[in-house]
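Some notes on the structure that comes next.
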Amino acid sequence: MRVDPKRQRERMVNDQLKARGISDARVLAVMGELPRHLFVEEAMAGRAYSDSPLPIGEGQTISQPYIVALMSELLQVGPGTKVLEIGTGSGYQAAVLAKLGADVHTVERIPRLCASARERLLSLGLFNVHVKLDDGTLGWPSAAPFDRIIVTAGGPEVPPPLVDQLGEGGRLLMPLGGAKRAQSLVLIEKTPAGVVQTDLGAVAFVDLVGKHGW
Ligand code: SAH
């Protein structure tokens with residue numbers, strides 16, 4: 001299939017992101033540049049900029065562009081922000097955060113996805129992403145604390161190790177719920193007065209599987 005990625009990206013940014021209220025100019029610029037078609041299997045490249053999640057193998061999906069933009073905007077990252085992502089998948093969300101300047105640590109539990117994401121991120125020159133094969137519900141203790149934590153799979157609870165590894169003033173975003181259950185995106189803020197949880201509305205992610213997952 002013939003793809004004109006630049007034009008497709010422009011349309012994605014205008015019709016899917018700006019039109020729905022994404023206003024962070026840096027997020028819009030990064031998603032307008034990043035070659036999303038290189039994060040999906042070749043047979044799917046023609047649909048890489050469509051308004052939907054797509055299969056990436058192993059029963060997993062790359063999130064819909066709007067959801068990646070929304071989570072990137074809500075996370076509020078900039079140059080040097082230390083971010084932990086659980087659920088590397090294709091590596092696309094990690095790449096967006098890395099292009100925003102963040103120092104990204106990302107954990108994936110499926111070996112094949114972990115290996116291909118690592119290779120893809122390196123081939124794009126994104127050396128500020130560290131990829132690890134592990135159960136991400138345990139976090140990445142040796143690299144903690146993190147300024148931001150983003151979980152891109154839906155779980156039954158916010159894994160306690162992740163709350164522990166979130167620094168003071170930190171923000172954590174995670175879908176609560178499961179693939180066959182209702183899910184809502186929650187924001188956890190660690191403030192001097194304690195942990196504050198805000199419900200941000202319905203989302204649909206694959207299941208978080210692990211010690212503190214399903
Ligand atoms: N952020 C990804 C999409 C995530 S799909 C992207 O941009 O493409 C969710 C991913 O979470 C899947 O790859 C799944 O294998 C992974 N996952 C589920 N439970 C996990 C766990 N406990 N630790 C690490 N990864 C997990």
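Only bridges whose two residues both fall in the chain count here: according to DSSP, what percent of them are antiparallel, nearest 5?
Rounded to the nearest five, the antiparallel share is 45 percent.
Put +1 on the Cβ of each Lys and Arg and -1 on the Cβ of each Asp and Glu in the chain; which of MET12, LEU113, GLY155 then has its Cα farthest toward the positive end of the dipole?
MET12
Any idea how far apart ALA179 and HIS130 come out in nm if each label point goes 7 Å out from Cα toward Cβ?
3.0 nm
What order do you get for ILE149, ILE110 when you list them from fewest to most C-beta neighbours inside 10 Å? Walk me through the numbers on the way to the answer.
Details: ILE149 31, ILE110 19.
With the fewest neighbours first, ILE149, ILE110 line up as ILE110, ILE149.
If you rank GLU10, GLU168, GLU73 by fewest surrounding Cβ atoms within 10 Å, what's the result?
Lowest count first: GLU168, GLU10, GLU73.
Tell me, what is the FRET efficiency for ALA193 and SER142 to the nearest 0.05, using R0 = 35 angstrom and their Cβ-Cβ distance as r?
0.75
Relative to the Cα centre, what is the charge dipole magnitude of the chain, using +1 at the beta carbon of each Lys and Arg, -1 at the beta carbon of each Asp and Glu, and rounding to the nearest 20 debye?
It comes to approximately 460 debye.
For ARG20 and SER52, calculate 0.36 nm times their separation in residues minus their Cα-Cα distance, and state this gained length in nm to one decimal.
Taking ARG20 through SER52 to full extension adds about 10.1 nm, to one decimal.
For the chain, what's the relative contact order in percent, using C-alpha pairs closer than 8 Å and at least 6 residues apart?
15 percent
Which links in LYS82/LYS180; LYS18/LYS82; LYS180/LYS211; LYS18/LYS99; LYS6/LYS190; LYS18/LYS211 stretch past 30 Å when you go from one Cα to the other? List each step's numbers first, then the result.
Details: LYS82/LYS180 32 Å; LYS18/LYS82 27 Å; LYS180/LYS211 19 Å; LYS18/LYS99 19 Å; LYS6/LYS190 39 Å; LYS18/LYS211 38 Å.
Long pairs (Cα-Cα over 30 Å): LYS82/LYS180; LYS6/LYS190; LYS18/LYS211.
Mean residue ellipticity at 222 nm from the helices of the chain, using -39,500 (n - 2.57) per DSSP H segment of n ≥ 4 over the full residue count, to the nearest 500 deg cm²/dmol? Please list the in-between numbers first.
Values: 6 runs with 54 residues, N = 214.
-7000 deg cm²/dmol, from helical runs alone.
Answer with one residue from VAL30, PRO145, VAL196: the one whose Cα lies farthest towards the positive end of the charge dipole of the chain, charges on Cβ with Lys, Arg +1 and Asp, Glu -1.
Projecting each Cα onto the dipole axis, the largest value belongs to VAL30.
Select from LEU75, LEU172, LEU200 the residue whose mean-square fluctuation is largest in a Gaussian network model of the chain (Cα-Cα springs shorter than 10 Å).
LEU200
Mind giving me the FRET efficiency for ALA115 and GLU42? R0 is 22 Å, r the Cβ-Cβ distance, nearest 0.05 is fine.
Working: r = 17 Å, r/R0 = 0.78.
Computed FRET efficiency for ALA115 and GLU42 comes out at 0.80.
Quick check: convex hull of the Cα atoms in the chain, volume per residue, rounded to a whole Å³?
112 Å³
Considering only ILE56, LEU100, MET71, whose Cα is most displaced toward the positive end of the charge dipole of segment 44-127, charges sitting on Cβ of Lys, Arg (+1) and Asp, Glu (-1)?
Farthest towards the positive pole: ILE56.
Can you give the FRET efficiency to the nearest 0.05 for ARG11 and TRP214, using r as the Cβ-Cβ distance and R₀ = 41 Å?
The pair ARG11/TRP214 has a calculated efficiency of 0.70.
For segment 174-209, which trypsin sites (Lys or Arg not before Pro) are in a loop by DSSP, counting at most 11 other Cβ atoms within 10 Å?
LYS180, ARG181
Quick note: the coordinates plus some simple rules give every number you see, no bench work behind them. Keep in mind that what you see is a predicted model, and the values were worked out from it rather than measured. Here the Cβ is made from the backbone with ideal geometry for all residues, glycine too, and neighbour counts use every protein chain on show.
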